[in-house]
Every structure is written in structure tokens, then in C-alpha cells.
Amino acid sequence: MFIPFIDLKAQYESIRDEITSALQQVLDHAGFIGGTFVSTFEREFAAFCGRRYAAGVSSGTSALWAALHGLGVGPGDEVITVPNTFIATAEAISRCGAKPVFVDIREDTYTMNPSLLESAITKKTKAIIPVHLFGQTADMQPIMDIARRRGLYVIEDASQAHGSEYMGRPAGSIGDAGCFSFYPGKNLGSYGDAGAVLTDREDLDRNIRLLRDHGQPKKYRHEIIGWNDRMDGLQGAVLRVKLKHLQSWNEKRRRNAVIYHELLSPMEEIILPEEAGYGKHVYHIYAIRVRDRDGLIAALLKDNIHCGIHYPVPIHLQKAYRHLGLKRGSFPVAERCCRELLSLPMFPELKASQIEYVADAIREYLRSGMRIGTAT
Ligand SMILES: *Cc1c(COP(=O)(O)O)cnc(C)c1O
């Protein structure tokens with residue numbers, strides 16, 4: 001058996017005809033950039049997330065940048081986020097000329113620890129970016145309460161949480177803005193780069209539409225200095241097809257997580273992902289924690305099982321962010337998670353028999369005595 005970490009071909013096979021006809025329509029209309037395929041997707045995705053506006057952009061990274069810049073975040077400002085996220089969250093802050101400030105994460109959900117938030121706020125703080133990691137939202141209520149009290153914007157990085165929920169509310173519908181990536185491997189993935197910013201604020205939506213298209217409300221009338229961050233028509237068409245399947249794909253991910261849980265929970269050496277009581281996890285990533293991660297990865301690879309690590313190095317310890325002067329030990333929970341988290345194969349088309357094969361391989365490895373100890 002060969003178990004890939006993710007299998008985009010299997011998903012494509014299941015929707016091949018729908019995709020072919022959607023792409024053909026874009027070609028027939030020559031609607032390559034922006035246009036009706038993008039605007040229709042924007043409407044449908046806004047409705048899916050229960051938001052008034054959605055603006056399609058060229059990537060999740062651009063979405064984060066446009067949301068920050070569109071809210072007026074700039075040089076001299078600080079934006080609070082977490083160190084265990086994809087680098088784009090911090091890059092978007094830096095590209096605005098602002099400074100990323102980190103707070104540590106919760107041990108159970110791997111998302112922002114709201115009880116550490118207040119002490120990270122300074123006079124310069126403008127915004128907070130909680131990251132809905134692995135398919136589970138951050139604990140938004142206390143974050144929103146603090147933000148409202150201190151007059152800060154909240155931008156949700158929902159790039160890993162399409163269709164996830166917090167207290168019955170869709171991810172991306174709670175903060176001032178919700179940013180999504182449609183990178184191919186995400187729960188809702190395009191066939192190239194794409195992203196979106198969702199908001200209920202008309203002024204922010206307008207700013208984002210200006211920023212993504214050279215600051216022009218009308219062709220060659222440039223109100224502000226923008227950039228080229230537009231979404232392709234082909235991506236809009238693909239995303240419209242895939243949005244119809246998102247709920248059922250998320251349910252399959254959840255079913256796969258249940259199977260993993262049943263098979264892995266007897267193994268005391270590993271810590272399994274927890275679904276917080278406040279929401280609905282959509283398992284973009286199924287990450288376990290294990291002390292001897294490298295040994296387990298090597299053993300699984302021998303059995304043709306491919307895993308991932310999200311993320312091996314926290315942002316504050318990346319060379320690119322050395323100038324912040326943050327030392328090892330600054331964010332102990334995030335740092336420990338970066339050492340111990342291992343992402344197992346997870347995608348909707350993954351079969352129960354494949355999950356059993358993965359679980360057997362893990363059990364075999366733990367039994368072999370090569371383990372060093374339990375995750376902390
Ligand atoms: C994927 C991802 C991004 C960046 O999205 P791109 O579309 O690749 O630019 C940002 N934040 C998080 C948490 C992500 O997982």
C-alpha cells in the first residue's frame with residue numbers, strides 16, 4: 001500500500017465532468033481575470049460563510065495583506081498573532097510595514113491562548129490575527145471581547161478552516177474580516193493560487209476591491225496605490241464547483257478523524273487532536289503529538305506512508321524574523337508543538353482500510369521499543 005499525505009487526483013476524478021464543463025465555460029467567455037465567474041463565486045462564498053461581502057484575491061497571503069492594509073494598518077503599528085502558523089500570517093503584517101507580535105497557544109487546540117493576549121497589547125497594537133489552525137477555530141469570544149474593549153481590529157486567518165464553526169458561527173464570519181486561502185491543498189482548494197477576504201463592512205470591502213486592482217474603481221482612474229492581487233476566472237469557476245461539495249468533504253474528513261481516534265486512542269505514547277467544545281473541527285490537518293517524531297516519520301515512510309509537519313520551526317525562530325530578537329523559550333507551548341506535532345494522511349477520499357494501515361504501522365513502531373517517551 002502507498003498512502004499519500006493528500007490526494008488531489010482522487011478528488012479531481014470524482015468531479016472531473018463538472019470541472020471540465022466549468023472550465024469550458026470560462027474559455028468560451030474568455031473570462032480570464034475577475035468577471036462573472038469570480039463575482040458569482042464571491043456571492044456564493046459570502047452566503048456560505050454568512051457574511052455580507054467577499055472579495056476574491058490572488059492568494060491567502062494577499063487576502064491577509066489586503067485586509068490589514070484595507071483597515072489602515074501600517075508602519076509603526078503592531079499586530080498580534082501566534083508563532084505556530086504558516087509564515088504568510090506574519091509576512092502580511094510585515095508587508096504593511098507593521099510589526100508582528102506573538103502570543104503563545106493553547107495546549108489543547110494549538111490556537112491563540114486568549115489569556116495571554118492582554119499582556120501583549122501595547123499603545124501601538126492595531127489588530128489581532130487569530131489563526132484557525134488545522135481546521136479548528138481559535139476561541140473567538142474572549143478574543144473579540146478583549147479586542148472590542150481595547151479598540152482593536154480582529155482579522156481571522158481562516159485559511160485552514162473553510163466550513164469550520166465557532167459556537168454555530170462559520171469561521172471567517174466573526175472578526176472585522178475573515179481571510180481565506182484557496183491553495184490547492186486546503187479544504188476548499190482552487191487549481192492554482194487564490195484567496196478571499198470576507199467582511200460585513202462596506203468600507204473595508206471597497207478598500208480591498210481597490211487594493212487588489214491597482215486602486216482603480218474605474219479603468220485608469222487610480223484613487224489609491226494598490227497592487228495586482230486579482231483572482232482568475234478559471235479559479236472562480238473551479239471554486240464554484242468545489243464549494244458545492246465542501247460540506248460533504250468536510251463530513252468525510254470528520255468521519256476519518258473518528259476512525260483515527262478509535263484506532264489510536266489506546267496508544268498512550270501519542271496525544272490525539274481534540275475537538276474543542278465550542279466548535280466544529282473540519283480536520284484540514286490531523287496532527288498527533290509524539291516525542292520521537294523523527295523516528296516515527298522514518299518508520300512510516302518505510303511503509304509508504306507520507307506525513308507532514310505543521311510547522312517544524314515557529315515563526316519567531318525563523319531566520320527571516322531574527323530581527324525581532326525573540327529567543328528560544330519565548331513561546332514554550334508553540335515551540336514544543338513544533339517539535340512534536342506530526343500530521344498524518346488526511347483527505348476526504350482516504351479509506352478506512354488506509355487509516356487502519358496507518359494505525360497498524362504506528363502501533364508496530366511503538367511496540368518495537370524504538371520510542372523514547374511520551375509526548376509532554
Ligand atoms: C495556506 C495558508 C496561508 C497562505 O495562503 P496562500 O494562498 O498560500 O497564500 C496563510 N495562513 C495560513 C494559516 C495558511 O494555512
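Bear in mind these aren't lab numbers, they're just calculated from the coordinates by the rules spelled out. None of these values were measured; they are calculated from a predicted model. So basically every Cβ, Gly included, is an ideal-geometry build from the backbone, and we count neighbours across all protein chains shown.
Given ASN187, ILE80, ASN304, which one lies farthest toward the positive end of the charge dipole of the chain, if we put +1 on the Cβ of every Lys and Arg and -1 on the Cβ of every Asp and Glu?
So the residue furthest toward the plus end is ILE80.
Quick check: net charge around GLU18, other residues with Cβ under 10 Å of its Cβ, Lys/Arg +1 and Asp/Glu -1?
Numbers: positive: ARG16, ARG240, LYS242, LYS244; negative: ASP17.
Neighbour charge sum, excluding GLU18 itself: +3.
Check SER164: other-chain or 5+ apart residues with amide H under 5 Å from its amide H, H built from backbone geometry?
Close amide H contacts, sequence-distant or interchain: ALA171.
What ranking do 145-152, 305-312 get when scored by the average of other Cβ atoms within 10 Å per residue, highest first?
305-312, 145-152
Could you give the DSSP H helices of the chain that reach 18 angstrom or more along their long axis (alpha carbon positions) and whose average Kyte-Doolittle hydropathy is no lower than 0.5?
For the chain, where a helix must reach 18 Å along its axis and average at least 0.5, the hits are 36-49.
Which value, in debye to the nearest 20, gives the size of the charge dipole of the chain about its Cα centre, when Lys and Arg are +1 and Asp and Glu are -1 at the Cβ?
It works out to roughly 820 debye.
Where Lys and Arg each count +1 and Asp and Glu each count -1, what net charge lies around GLY215 among other residues with Cβ under 13 Å from its Cβ? If you can, show how the numbers build up before the last one.
On the way: positive: ARG206, ARG209, ARG212, LYS218, LYS219, ARG221, ARG230; negative: ASP213, GLU223, ASP229.
Neighbour charge sum, excluding GLY215 itself: +4.
Let me know the charge dipole size of the stretch 105-263 about its Cα centre in debye, to the nearest 20, where only the beta-carbon of Lys, Arg (+1) and Asp, Glu (-1) is charged.
My answer is approximately 440 debye.
Determine the percent antiparallel among the DSSP beta bridges restricted to the chain, to the nearest 5.
Antiparallel: roughly 65 percent of the beta bridges in the chain.
Using a ≥ b ≥ c from the Cα gyration tensor of the chain (square roots of the eigenvalues), is it rounded, prolate or oblate, where a/c under 1.5 gives rounded and otherwise the larger of a/b and b/c decides, a/b for prolate? Present the calculation step by step, with values, prior to reporting the outcome.
On the way: a/c = 2.03, a/b = 1.24, b/c = 1.64.
Oblate.
Assuming a ≥ b ≥ c are the square roots of the Cα gyration tensor eigenvalues, decide whether the stretch 161-236 counts as rounded (a/c under 1.5), prolate (otherwise, with a/b larger than b/c) or oblate.
oblate
Label the stretch 63-219 by shape, choosing from rounded, prolate and oblate, from the square roots a ≥ b ≥ c of the eigenvalues of the Cα gyration tensor; if a/c is under 1.5 it is rounded, and otherwise prolate applies when a/b is larger than b/c, oblate when it is not. Please report the intermediate quantities before stating the final value.
Values: a/c = 1.59, a/b = 1.15, b/c = 1.38.
Oblate, because a/c is 1.5 or more while a/b does not exceed b/c.
Taking the Cβ of each residue in TRP65, TRP249, TRP227 as the centre, tally the other Cβ atoms inside 10 Å and list the residues starting with the fewest.
Exposure proxy ranking, most exposed first: TRP227, TRP249, TRP65.
Using alpha carbon centroids, what distance separates the stretch 207-252 and the stretch 261-289, in Å?
34
Could you give me the ³J(HN,Hα) list for the stretch 269-283, computed from phi with Karplus coefficients 6.51, -1.76, 1.60 and θ = phi - 60°, whole Hz, x at Gly and Pro?
In residue order, the calculated couplings are 6, 10, 9, 8, x, 10, 8, 5, x, 7, x, 10, 8, 10, 6 Hz.
For a footprinting-style exposure proxy, rank MET167, MET231 by other Cβ within 10 Å, fewest first.
MET167, MET231
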